[in-house]
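**Q** Right, I'll just put the structure down here and ask away after.
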Amino acid sequence: MLILKEECAMKRSILACLAGLLTWIVVVTVINRVLRLSLPNYTAAEQTLQFTLGMKWARLLMAIVTSLVAGAVTGWISQSRRWAALIVGSVVLAMFVPLHIAIWSKFPVWYHLTFLLTIIPAVLVGALLPPRRNKDLNEVYSAPR
């Protein structure tokens, strides 16, 4: 029985990690499209990486919000909130370190450090956010029959 519980928890953690990574990709894509539509010259700046200061901050905010949401999804699915979220944050960070090394000279150091150093903490904070619960449904399903 204990082995079955552990196996279920492991599968749930793997699913949580995959869902967190997929969430990161979807949310960053949606927010980036919003930035393209709402910030003048943003699309052109993406081609050359010649972002204004406001665009750089918008991109950093996009990464933080995306990491929070990915962490929240990961924590919601996983029973081991910290480990699954730490894995998701680490994978996202590992994906971006080579990219930031490649474009190091195109952005100021503060930009790279802010982006890279906030990914894991933001995912972890997102995972610790309490899941939104529908109180009425909880009462219906937990009421004695």
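**Q** Over the range 4-109, with the other protein chains present, what is the accessible area per residue in square angstrom, probe 1.4 angstrom?
**A** Computed with neighbouring chains in place, this is 61 Å² per residue.
**Q** Normalized C-alpha radius of gyration of the range 7-96, against 2.2 N^0.38 Å?
**A** 1.26
**Q** At 1.4 Å probe size, put Lys106, Lys56 in order of accessible surface, largest to smallest.
**A** Ranking Lys106, Lys56 by accessible area, largest first, yields Lys106, Lys56.
**Q** Give the carbon-plus-sulfur fraction of the accessible surface of the range 19-119 in %, rounded to a whole number; probe 1.4 Å, heavy atoms of protein chains only.
**A** Its accessible area is 73 percent carbon and sulfur atoms.
The values are calculated or read from the model by the stated rules, or taken from the named source; none is laboratory data. Worth saying up front: this structure is predicted, and the values here are computed from it rather than measured. All accessible areas refer to the heavy atoms of the entire protein, side chains included, with ligands and DNA or RNA removed. Shrake-Rupley method; radii C 1.70, N 1.55, O 1.52, S 1.80 Å.
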